[in-house]
Each structure stands twice: as structure tokens, then as C-alpha cells.
Amino acid sequence: MRFLDILGRYEAAEFNQLEAAELLGVDERTFRRWRQRFEDDGEAGLLDRRLGKASGKRVPIDREHEVEALYRERYQGFTAKHFHEHLVAKHNFAWSYTWTKTFLYSKGLLEKAKRRGAHRRKRPRRPLPGMMLHQDGSRHVWVQGQSALDLIVTLDDATSAIYSAFLIEEEGTASTFRGLREVFGERGLPLSLYTDRGAHYFFTAEAGAVDRKQPTQVGRALERLGVEHIAAYSPQARGRSERVFQTLQDRLVKELALAEIDTIEAANVFIRDRYIPAHNARFAVPAEQPGTAFVAIPGVDLDEVLCVQEERQVGNDNCVSFNRLKLQIPESPLRAHFVKARVKVRQYPDGSHAIFHGQRCLGRYDKKGTFRKEKSVA
């Protein structure tokens, strides 16, 4: 009706062809085509000629059936985005994510996500990799057939790239040292580490404030390496790592199931060799500035720093008691005995031990406390 009104006024010479086209919101060529079609076929000529015809871009029916079958039989529970990535990568699918999402909704295979809450302003990222690392753990049923396990993740604040991730029975000092050793050994030392206030990270007073005067084993090691340890005081403060765990709980569980992995050892190999590279390629973002804040540490034996270390007094039998073990100090050219001397016992991730007097190693022992070898230099 609007076209007929404009056409009548155009024929009455109220305005020219360009002005008529502008009033209709089309270009001059389209207005000429509409005039010609109206002259040839009347009002029927103005109908959209695409009505009743299948779009040339429409997904073929057989591919629709294939997509539905794949989701029901192999990718059940995947998000639309995750599913679409597999369709493109593994099933030669060339249509859009939007079509995939709409199709899954139409078949009742996905429910629409709930509306998000009020917007929270994000803390700005650090501009360089290595300025701040996040480390946290998430307990979840990650592997089919296994009970809940802790996934320990160490990631960069500047890029959200995951540097280390592995499954372990229970989060604690040993898992923290393992993650830090993997990152520090490959990349160097960061400026700071951001964690929650778990007991293996900090001693906390009754009010919840961390006690910097009583460092934990982790705090002692970080202080020796010169890495600042920052405590988070709320889940919202750890939002970056919390969002990563939401993604991991959705995607990693499904990827492990898809690969038919049912042991912790196989899962950790899969996470290290396959999942982390794919995750970082998909979710990591470029740093704000070029370069890195990691500091190389040539000559530093991280195993001697990232380990449990406690002070003990040597007994009258020239032995050191540690975790129900009796560690016999062997003969030493330094002195006849070490009775009453204050020494430090180090326990390593493999369960072995060593006794140090100052910077000198007095002896090394296996996990059962049996003397293994001497080492005169720290």
C-alpha cells in the first residue's frame, strides 16, 4: 500500500524517481524494477519471489539428519559452540554456529541458557605474560568411572593461557609444587602468584586475614624465589580462574569421555599433549603488550626449593627423626658428629629425603629412610 501511494504521487510528478526511492528506503534501481513488475503483473508482481522456494544456502535434509544423529549418539550434552567446533573439525560441516544452535533448540536437544545476572566490572588484565599467574584447584568427576578428583590449573593473567593442568587425588602442597615446577622450569619465574587462602597456601587468623609472619611451605619457597604471593579474599576476586574452570567442567569432561579415557594417568597425558594446546588456541587472548615478564633462572635447582623443608635437631644417636623415619647421618669429614645440631630435612615429591646443614647436604635417603648417597654441595 505504501508503494502504491508513493507510485501514485510519483506519477503525479510530486517528486522524481530518486526521491520516491528514498521515501521507500530502497535504491533507485529497485524502485524502477518494482514499477516494471507492477505494470506487468499488478499487485502479484510485488510479492517476494523467494516465498515458497527453498534457500540455496539451506542445510540439506540429509545433513540435518546427520547432525541430529551425531548429537544424540556421540556429543550428547555438548554446548552448541563446542558441538559446532567438532562438526567443523571432524565432520566436514560448513554451516554456521548460529544455524547449529537454532537447530539444536528446534529439536529440543538444548535448553536456552538462563539470563545472566547483573554486570560486574572485570579487573584489568596484566599487560605482560608472567606478571601474574593464577593457580587453583577444582574438585569434580572429571573421568568416567573415577570418583571426584582435583584438577590443578596454573594459568596466566595476561592471556588466560593454561601453562599447567593435571588431575590428582587431593589438592595440597605437593600438587602446588608440581604445578609451579612445571611452569617455572619451562618459562622462568613470574612476578607474582595469585591464589585462594587454602591452608597449603597461607596460615590464616580467625578473622580470615593471612598471617605473613608464618609462611607455609609454599610461602617459604615463593619467598626464596622472589615471587610475590597474593591472596584472594572472595570467589569474585578469582573470577578469571573461576570462569576457566566453568569451561573445563563443561568441555574437558566431554573430551575425556569422547577419547574413552578412564584412568588418571591417561587423562593427564591427554590433558598435557592434546587438550591444553587446543584450549589455548581457542580461548587464550593476546597480551596487551609485546614481550614477557618471566625471568630465566639458569643454575637454580627448582627441586631443592619447591619441596617440603622442616628444621630438626639431631638426636644423641646422630639420627634425625622425621615423619616416623629415623634418618642416620653418615660419617662426615666436616666433624665427628652432628649431635644437637640444627639441620633441615627436605622431602621431595617422589618421597625421598635429604638432610642439609647450612648449604651442605649431609645425606640423601629413599622414601623408607634408607641412606642412598652423599652429596657434599647443595
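When His337, His229 are compared by accessible area of protein heavy atoms, the largest-first order is His337, His229, using a 1.4 Å probe. Shape analysis of segment 215-269 places it in the oblate category; the axes a ≥ b ≥ c from the Cα gyration tensor give an a/c of at least 1.5, with a/b not above b/c. Coupling constants for segment 32-40 follow from the phi torsions by the Karplus curve (6.51 cos²θ - 1.76 cosθ + 1.60, θ = phi - 60°), and in residue order they are 4, 5, 4, 4, 5, 5, 5, 5, 7 Hz; glycine and proline get x.
Surface composition of the chain: carbon and sulfur atoms hold 49% of the protein heavy-atom accessible area at a 1.4 Å probe.
For segment 114-218, the list of GluC sites (Glu not before Pro) that fall in a loop by DSSP and count at most 13 other C-beta atoms within 10 angstrom reads Glu169, Glu170, Glu206.
Using a cut-off of 9 Å between beta-carbons, work out the net charge of the residues near Asp150 (Lys and Arg +1, Asp and Glu -1, Asp150 not included). Spelling it out: positives minus negatives among the neighbours equals -2. Each distinct pair of alpha carbons in the chain adds a 1/r term; the inverse of their mean, the Kirkwood radius, is 26.6 Å. Entry note, the chain: the mean residue ellipticity at 222 nm calculated from DSSP H runs of n ≥ 4, each adding -39500 (n - 2.57), is -10000 deg cm²/dmol after division by the residues and rounding to the nearest 500.
The share of Cα pairs per 5 Å bin across segment 148-256, counted from zero up to the longest distance, runs 2, 10, 21, 25, 22, 13, 5, 2, 0 percent. Residues in the chain average 59 Å² of solvent-accessible surface per residue, probe 1.4 Å, ligands and nucleic acids excluded. Taking every C-alpha pair closer than 8 Å and separated by at least 6 residues, the mean separation divided by the residue count of segment 226-352 gives a relative contact order of 18 percent. How about segment 239-348: which trypsin sites (Lys or Arg not before Pro) there lie in a loop by DSSP and see at most 11 other Cβ atoms within 10 Å? Sparse-neighbourhood loop trypsin sites (Lys or Arg not before Pro): Arg324, Arg335, Lys340.
A simple count of charges around Arg312, restricted to other residues whose Cβ falls under 9 Å of its Cβ and scoring Lys, Arg +1 and Asp, Glu -1, yields 0. The angle between the Cα long axis of helix 61-73 and the main principal axis of the chain comes to about 30°, on a 0 to 90 degree scale.
The values are calculated or read from the model by the stated rules, or taken from the named source; none is laboratory data. Keep in mind that what you see is a predicted model, and the values were worked out from it rather than measured. All Cβ positions, glycine included, derive from the backbone under ideal geometry; neighbour counts span all protein chains shown. Accessible surface is based on the protein model in full, side chains and every heavy atom, while ligands, DNA and RNA are left aside. Shrake-Rupley method; radii C 1.70, N 1.55, O 1.52, S 1.80 Å.
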